[in-house]
Each structure stands twice: as structure tokens, then as C-alpha cells.
1. Would you kindly derive the ³J(HN,Hα) couplings of the stretch 16-32 from the backbone phi angles with the Karplus curve 6.51 cos²θ - 1.76 cosθ + 1.60 (θ = phi - 60°), listing them in order in whole Hz, with x for Gly and Pro?
2. Would you mind estimating how fast the chain diffuses translationally, via Stokes-Einstein at 10 °C and 1.306 mPa s with the Kirkwood radius over Cα pairs, in µm²/s?
3. Report the trypsin sites (Lys or Arg not before Pro) located in the stretch 143-218 that are in a DSSP loop and have at most 13 other Cβ atoms inside 10 Å of their Cβ, or state none.
4. Straight-line reach from residue 106: which lysines have Cα under 18 Å away, leaving out those fewer than 8 places along the same chain?
5. Looking at the chain, which longest stretch skips every one of the GluC sites (Glu not before Pro) that is in a DSSP loop with at most 15 other Cβ atoms within 10 Å, leaving the sites themselves out?
6. Ignoring everything except DSSP H segments at least 4 long, calculate the 222 nm mean residue ellipticity for the chain; use -39,500 (n - 2.57) per segment, divide by total residues, nearest 500.
7. In the chain, what % of DSSP beta bridges are antiparallel (nearest 5)?
8. Report, by chain and number, residues whose modeled amide H sits under 5 Å from the one on residue 197, excluding near sequence neighbours (fewer than 5 apart, same chain).
Amino acid sequence: MNEAFIAPSILSADFTRLGADLATCQASGANWIHLDIMDGRFVPNLTIGPVVVEACRRATDLPLDVHLMIQRPENLIEAFAKAGASRIIVHVETCPHLHRTLQHIKSLGCAAGVTLNPATPASAIQPVLGMADQVLVMSVNPGFGGQTFIPESVDKIRQLRAMLDEINSPARLEVDGGIIPETLRLARDAGADTFVAGNFIFHHGKGIAAGIRELREA
Ligand code: DX5
Ligand code: ZN
């Protein structure tokens, strides 16, 4: 099983001090920085675009894990790659030509990830697993930080772990939404290796470093 990675989601960060918080994440042993891109259409919230990705690129050396919750992601993939995204994740629900979209991401030199909503079955992404560098299981309905982990996600992680193992895929299996030490353990036991956390890390009473440390210990 892959080494466990922690990916703080800046959705819950204090944007007035983003550079400093990214530096703290890096110094505290975060592996990736997760960026939630929302368009107010695919999801009922509007967040950040390439300008902020570019600012993050200058503020940290960590890989930038860019999660696109937007309609027609193919129109913006190049802009996010240029802004410094290391990894770009698209939703199967937004990509009628998912195979082509993943190829496009790879052709720009980024790792290509695919993700699926809680109501979408694992089988929906089976045909592209062989070309994915990363699979992201949404364990909340995308749109907001600070939601509660959906317990059924554990089964989906287990299914996708088995599907990836069957084809000897080295892809990372990531989980996003409602991650706290207890849910991290459930997801890890089911075979996930990369854990996105926003609220737990950035709103931790003892600070960002303590949040990352507690997840690492879990
Ligand atoms: C939800 C986002 C998540 C979110 C996770 O749409 O994709 O990355 O920020 O936040 P928490 O850890 O607060 O559930
Ligand atoms: Zn996300």
C-alpha cells in the first residue's frame, strides 16, 4: 500500500494570510496542497481560479492538487496547467469525453485525476482507471468545506482499491470531505492513501501544525 499523504484543502484557509499558512503546511509535513475550484454551476458555490493557483505556486514547493468542480473543465485545463497545477482532477459527471480530457491533462505535463460524486457508482470510471494517475472519492457532496463524512464512501473506496489492484495501477486513491482522525482511519483501512482535509486542519483549535500532526498520527 502507498505511503499515506496528507493534502490540506485551502478552501478553509484564511485567504488574508494564505502564503503564511501554506508555509506552515509545508513545514508541518503536508505532502500536497489541495485547491477546490468551484464555478457556482456544477456546484452551488464559487471559489478561486488560476490567479490564486498561480499565487500558491509562488508560495510553496509542494505539488498543487487542483480539483475542478466546474462545468466544461476542458476549457480551463490549460489555464490551470499554466498557473502551476501539478495534478488536475476532473469530475466524471462533467466530462462527456472523459478519456480525451484525461489525455489532455497528461499532454500538458500534469498528473491526471478523476473523481466522482457520492451518488455516482465506482463503475462509472472503470473504463479510464488504467490511464488515471489518481482517483478521488468524494466523501461529501462537493461544494462546501466542513461537512460530515458520508459513511457509504468507505465501500466505494474498497471497491476502487480492488479495481485498481486488479490492473496493478500505481494510481493514488484519495478521499475528500469530512476527514478527521476517525474517518481517516476508516478510509485508510479501506485502501485510501491520500487524505484531503480542510476544516480539520485550518480550523483546528491548536493550529494548522497540530491538525496535520493529528491526522498523520491517525
Ligand atoms: C468539497 C471540497 C473539499 C473540502 C474538504 O467540495 O472538495 O476539498 O474542502 O473540506 P473538509 O475537510 O472541510 O470537509
Ligand atoms: Zn476537493
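1. So the Karplus estimates, Gly and Pro as x, are 6, 9, 4, x, 5, 5, 5, 4, 5, 4, 5, 5, 8, x, 4, 9, 9 Hz.
2. It comes out at roughly 94 µm²/s.
3. Those satisfying the criteria are 206.
4. Straight-distance partners of residue 106: 82.
5. 4-151
6. After summing the helix terms and dividing by residue count, I get -10000 deg cm²/dmol.
7. Around 5 percent antiparallel, to the nearest 5.
8. 7, 9
Only the coordinates and a few stated rules stand behind these numbers; no lab work does. All values reported here derive from a predicted model rather than from experimental measurement. Note: ideal-geometry Cβ built from the backbone for every residue, glycine included; neighbour counts use all protein chains shown.
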